[in-house]
Amino acid sequence: MDQQPATGGGSGDALDAALNLREGEQSLASALDAIREDAERAAGAYRAVVRSLAMALSARDGYTGAHSDIVHDLAVAVATRLDLSAQEVDEVKVVALLHDIGKIGIPDEILHKSTPLTDDDWELMRSHPAIGERILEPLPGFDRIANAVRHEHERWDGRGYPDGLAETAIPLASRIVLACDAFHALVSDRPYRPALALEAAVTELESCAGTQFDPAVVVALLAAIREEGITAGSPGDEPEAEATRGATTLDRGVRALLTIASAAVSAETLEGLLEVAADEAVSAVDACSVSISRCEAESRLLRVLVNAGELAEWEERRPVAETYRLDDDELIRDLILRGRSYVATLDDPSTAPAAKALLRALGKETYAAVPVMIGNVAWGELIATRKAGRPPFGERELRLLGTIAGQIATAASRMRVFAQMADLAFRDSLTGVGNRRSFDERFELAATEAAQEGRSLCLVLCDLDNLRDLNEAGGHQVGDDALRRVSDVLVRAAGDLAVYRLGGDEFAVILDGEPLEEGYALGARALAAMPLGLTMSFGVAALAASARSADLLRAADQALYVAKRSGRARVCVASSDAAWAWPDKQPELGQQRRRGRRRRIEVDRLLDRALAALDGPLRSASVFDRLEAVVSLSAAALGLARAAVSHMAPHSGIIEAVISIDYRSGRTWVHSFGEAPDRYRLSDYPQTAKIMTTGGSFFIDVASSEADPTEVALLREWGLDTMIAAAACRDDTGWLVELYSDEQTAALDRAHASIRLLVAEAVGNAPVEASGVGSRAA
């Protein structure tokens, strides 16, 4: 075993060590020196690097990406022929790779324009070197790089841009890259002209030496082109110069780090980033394969997440169950516990038996292992392998692998924080289900898509019965425990569907593409599985093709209200279909309706609460919303068997029910929800016709001989005892509220005057702009 020193305990240390790959690489080393000196500066600098490179790489598609690679190869060949120092060559490399970074600020219609650029177009295009400088300036140690990118379009004769520098006042890296950039542009197809032949491009270079280009640079470039066959082909298509043949560790490492940095910012999943990192690591250290594993501390296992490169027959790209026990391998255990990197070789007598067994299983001769550290804790491990006949990994490769591991750690940490933030933002902290924000986003999207595609969308609203009583009897801890328990029941009943807590004791489930029956079945399953002593009430509605999300919420909310006011512990549906009645199997729990016992009327309470609502929260609401509130509060105070809110358009003579509620059967339906409303001719009901034109009210007892026979007939048909009808007019539109009772609920005679007053208040004092039907979201 060839034990190597630890590479450090954090991503910043790893980054510092890994990029310091060769003596003289000062352009990059200076940035890393600054990172090591100041941890805060390190974090900020690394974020700036990632942001800048991500923006640059996102723009390097099509022509721009291949162009930068080829300019890079040409520039290295020229720099080598000019006998530049190692530091200067490295600077040229980076400038060549990033010289077009500023084009991310140029509109696509100009970059890809198929006709010659106008003067205005050129003015915009000539701004890209300055944009590139602004992108690179924030990066520690990139001052010279940023300056060279800014001046990459300066001419030898001083007629270039953006600053009109001339001759040696132009940075040498800029002069080299300019000539290489221009040559490749000449021999490439562009949107506005075809590529020139090689000889024509060479002639153009020669003619511009001493005016546009540094003459010495042109000589070196022409030598590279003629002597070594460097052309406009893709990198690797032609024989490379000796200086670029077999890309150096730095070259491969920088490219790998650029790619991984971009992926670390843009990847949507950690798995996607790990695949990119593994693939790039194979190339960066010239490995046969690379594996990235996650440490599972509780089970003391390393679980392999991704394998890349030349794999053994039994290995998989994304393995399902490839694990290694920490207790079986002292080296892995030391790596995880102490953050120590190491190299294991098959023919080294000191290599541990477990490491040799792994190498034989992989069909490899040597491997290097580095920890992926988040702070001082090992997140996982990165291993690179080589076959027989290849040298073992050295300290340089270990450092580069450590840098890649540091990038993985940074991304894993960032994604973990983002996941925690998303969890806080979209998950209810008490119950673990989705919260109101999560519901709103999903519901609006589902409702829009369902309406556009003409498919069904079912919504289930439910809440815990008697939460206030639980809190008062046992404290909020008991109430919280009850919410968690019923939440668990809902999650099981919903199966693969998401459950949301909307606030307080109210929950929701969205059934995309499902009919009303499925929502009802979900509620029934949940009711059957409720813990002892806990019950819930459910309201179910389905979206009609022409309806809006607010209508669906209104209908489900109204159905839930009916369920609670008619006995609780039941599922109520929003449907005009009479087949939707209470099944016999639904138990009447809680405030159950007791046959033969009249409920006490709470008229004073009704007046107080209704007037407070109309003068307060509903002051600016529509007439319909105000009347709906009167009906809801009346049901709570009086106990109702049935109710309706209707309106009559001017001169129509037709009454249309806007909302109808049958508290006995557990049904409700809303006109604006898209269902067919109740409609009848006003002339068929004389008493109603009278109050619809003048305003007022009447009370009917089915046993009274003085009641209107048509009204009595309707009551008998519905099995009802008494009713109150109250009407008021607004803007030539008549509004009607009808409240009904039966033998199980209270007689309504004492509430007659109060209902007349409330209807007149709801209609007459509604704001002018809110006098229509309106709509209220639940």
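When the GluC sites (Glu not before Pro) in the stretch 703-746 are filtered for DSSP coil states and for at most 12 other beta-carbon atoms within 10 Å of their beta-carbon, the remaining sites are GLU706. Charging the Cβ of each Asp and Glu at -1 and of each Lys and Arg at +1, and nothing else, the dipole of the stretch 455-582 about its Cα centre rounds to 140 debye.
Multiplying the residue separation of HIS651 and ARG468 by 0.36 nm and subtracting their alpha-carbon distance yields 61.0 nm. For the stretch 429-456 and the stretch 142-187, what is the separation of their C-alpha centers, rounded to whole Å? With the stretch 429-456 and the stretch 142-187 each reduced to a Cα centre, they are spaced 55 Å.
Net length available on complete extension from GLU395 to GLN687 is 95.3 nm, with 0.36 nm assigned per residue and the Cα-Cα distance removed. Pull up the cross-link candidates among the lysines for LYS364, meaning alpha carbon to alpha carbon under 20 Å and not fewer than 8 places away within one chain. The reachable lysines, counting only those whose Cα sits under 20 Å from LYS364, are LYS356, LYS387.
Along the axis of the charge dipole computed for the stretch 374-514 (Cβ charges of +1 for Lys and Arg, -1 for Asp and Glu, origin at the Cα centre), the listed residues VAL509, ALA473, SER438 are led at the positive end by SER438. At a probe radius of 1.4 angstrom, the accessible area of the stretch 325-377 per residue rounds to 44 square angstrom. For LEU305, the residues 5 or more places off, or on other chains, whose built amide H falls under 5 Å of its own are ILE292, SER293, ARG294.
Less than 24 Å apart at the alpha-carbon level, and either on another chain or at least 8 residues along: which lysines does that give for LYS93? Partners within reach: LYS103.
For ASP708, no residue has an amide H sitting under 5 Å from its own, ignoring neighbours fewer than 5 places away on the same chain, with H placed 1.01 Å from N. Here the stretch 337-406 has 52 percent of its accessible surface on carbon and sulfur atoms, given a 1.4 Å probe and all protein chains in place. Can you give me the long-range amide H partners of LEU502? Hydrogens built in the peptide plane at 1.01 Å from N, cutoff under 5 Å, separation of 5 or more residues or another chain. Here PHE507, ALA508 satisfy the definition.
The values are calculated or read from the model by the stated rules, or taken from the named source; none is laboratory data. Quantities reported herein were computed from a predicted structural model and do not represent experimental measurements. So basically every Cβ, Gly included, is an ideal-geometry build from the backbone, and we count neighbours across all protein chains shown. Each accessible area value is taken on the protein alone, full model and side chains, heavy atoms only, with ligands, DNA and RNA left out. Shrake-Rupley method; radii C 1.70, N 1.55, O 1.52, S 1.80 Å.
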